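For reference, the structure discussed in these notes is given below.
Quick note: the coordinates plus some simple rules give every number you see, no bench work behind them. Every value quoted in this text rests on a predicted model; they were computed, and no experiment measured them. For neighbour counting, all protein chains shown are included, and Cβ atoms are generated from backbone atoms with ideal geometry for every residue, glycine included.
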Amino acid sequence: MEIEEEEKLRRSIYKASRSIKKRDNTLYNALLSIYHDSIFVGEISQLWPHLPLVANLRCGLWYSPRFDGGTCYFKSTDGHSNNCSFNTSRLNLHLALLAGNKGGCIIVDSTRKGKRFPDSMSKTIPVWSCVLNRAIQRYRNMIHENFPDANKEKDKETSTDWDCNLHLPLWVPKTEKASIENRLDDFTALLEESGADIASLAASLRKPLRPLWISQKSVIWLNEVPDHDSWDFTPLILVSGSSSIGFLPQRTSSEFSWNYIPGAGDDEESWARGLTPDLFWNHVYDLINCGPDLCNKKVSEIVEKDRVYRAQRGEDAPQILVKSQKSLETNGHHEFPLHSEFKNIKVGLSPSTKRDSSLCWLGLTNIVVSTTQLAATKPDVDSILNCGKELLNVDHSYVYLHLPIVSSKLDRFSLLNNLPSAMKFARSTLLQAKSLLVCCPDGEDISVCVCLAILISLFTEDGSFDNGKSFKETEISKWEMRRRLVFMCKFSTNARPSRGNLRQVFCFLKSGTTS
């Protein structure tokens with residue numbers, strides 16, 4: 001009987017704590033917490049106004065109304081304790097090129113874990129920057145050995161004091177740092193073998209990359225802020241927007257009381273109700289001033305009005321559920337121009353009225369990876385393969401196929417079951433030398449995986465269409481698939497294919513049903 005009473009008491013305490021947490025983690029509290037943290041982010045960005053502001057997807061995207069440097073994608077899971085890794089699926093080379101061209105950058109993220117910084121900033125980015133520095137130094141040494149008289153003075157300036165050390169924050173234990181350092185050679189070899197464009201990085205970066213950390217607890221003397229050009233490295237200023245307090249203190253404004261939520265922008269599907277960072281900042285003062293009682297209603301009105309606006313223009317605009325998938329507006333903040341010798345595959349970036357400037361070519365193919373929102377703006381292509389759940393209202397001049405593919409979290413075989421039809425449609429289009437646009441709601445996952453399967457099955461490694469001849473002669477491996485993905489990410493900087501969908505692509509390629 002005593003055991004049963006203890007169990008009942010434990011359950012009642014758990015229910016009470018869940019109820020308190022649910023009451024404190026309201027939509028209004030989340031939005032107001034983001035707004036107040038964004039003030040701190042804005043103050044830091046003004047200390048170095050010439051450095052571009054970059055959001056680490058997805059949480060960081062909420063903490064500023066404007067990211068002039070676009071976005072990057074570093075996951076905390078790649079920096080978890082005793083499980084640190086270097087992921088070639090998320091190379092973020094566009095960020096290194098941006099930092100090299102601008103002399104550095106400011107990266108914004110946040111965390112709910114009661115820590116000052118997320119693991120993405122404590123370890124993932126420091127390891128990434130160190131690996132890139134080491135690869136650049138090895139590339140320059142190789143060039144110097146093979147061409148000793150070329151750019152001798154420049155080599156002397158850039159290679160002699162090139163810092164290849166691993167710089168971690170002080171709160172990372174020394175034992176963990178030593179463990180990571182033992183794996184740096186393997187990480188560097190992994191980067192070199194992936195086919196990444198190290199030559200462009202070496203040409204862009206005059207100084208080695210190095211992270212610096214700033215949080216709301218950092219002490220900064222405003223009269224002693226150094227100019228970013230005065231450092232002997234290219235700074236990656238990592239700004240954690242949230243306070244690291246471990247509880248939810250009550251705060252008051254002129255009219256309302258509210259509870260602060262650290263890292264409120266994280267896991268937006270669980271709280272945002274279809275609201276996106278763009279919509280939030282377009283209506284920020286209306287949302288803050290409406291108060292906690294009317295906030296949910298106001299958000300619903302904003303989201304529905306935006307949905308109707310897009311639906312009237314033939315864009316993908318599904319009904320938003322309380323637990324919604326990431327909305328279209330979170331996509332498309334990459335404004336950094338990409339330069340390459342390949343000029344024939346297109347990748348959709350941000351939605352734009354100027355259709356040609358919204359697309360950039362991906363190699364020697366006629367394939368476009370895009371959002372369905374961009375596909376609705378009548379881009380300059382011949383055919384469209386829509387992988388979203390909703391039908392797309394397209395002009396009759398396009399050859400059109402709709403394959404409603406859903407996320408691997410909802411259906412583990414949805415992509416695999418639809419790839420044969422997608423491949424048949426792609427082969428028919430490409431044999432006629434026509435261009436093909438492959439789109440999905442975010443242009444980051446499903447459409448990227450479909451294009452990856454097409455590239456491997458129908459193209460050579462350098463991007464030349466051969467209708468699958470090279471594929472039949474090659475034993476496909478996960479490493480070869482990753483090399484092709486690195487090739488795609490060189491042009492599509494917002495590509496973020498999920499592990500579940502990549503696994504389905506691999507199973508499809510191994511099955512030999514591409515012909």
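Points to keep in mind about this one:
- Sorted largest first, extent of region 425-498 alpha carbons per principal axis (Å): 31, 29, 17
- Each 5 Å bin from 0 upward holds the following percent of the Cα-Cα pairs of region 38-240: 1, 7, 16, 20, 20, 17, 11, 6, 2, 1, 0.
- For peptides 470-482, 486-498, sequence by mean Cβ density within 10 Å, most packed first: 486-498, 470-482
- Backbone geometry of region 305-313 corresponds, through the Karplus equation with coefficients 6.51, -1.76 and 1.60 at θ = phi - 60°, to 3J(HN,Hα) couplings of 4, 5, 5, 5, 4, 6, 5, 5, 9 Hz, x marking Gly and Pro.
- Mean Cβ neighbour count within 10 Å, used as a protection proxy, ranking 301-309, 64-72 highest first: 64-72, 301-309
- When each of 400, 63 is scored by the number of other beta-carbon atoms lying within 10 Å, the sequence from fewest to most is 400, 63.
- Each peptide among 213-220, 439-446 gets the average number of other Cβ atoms lying within 10 Å of its residues, and from highest to lowest they stand as 439-446, 213-220.
- Here each label is just a point 7 Å from Cα along the line to Cβ, and for residue 178 and residue 82 those points are 1.5 nm apart.
- Restricting the calculation to Cα atoms, every distinct pair contributes to the Kirkwood radius of region 340-511, found to be 15.6 Å.
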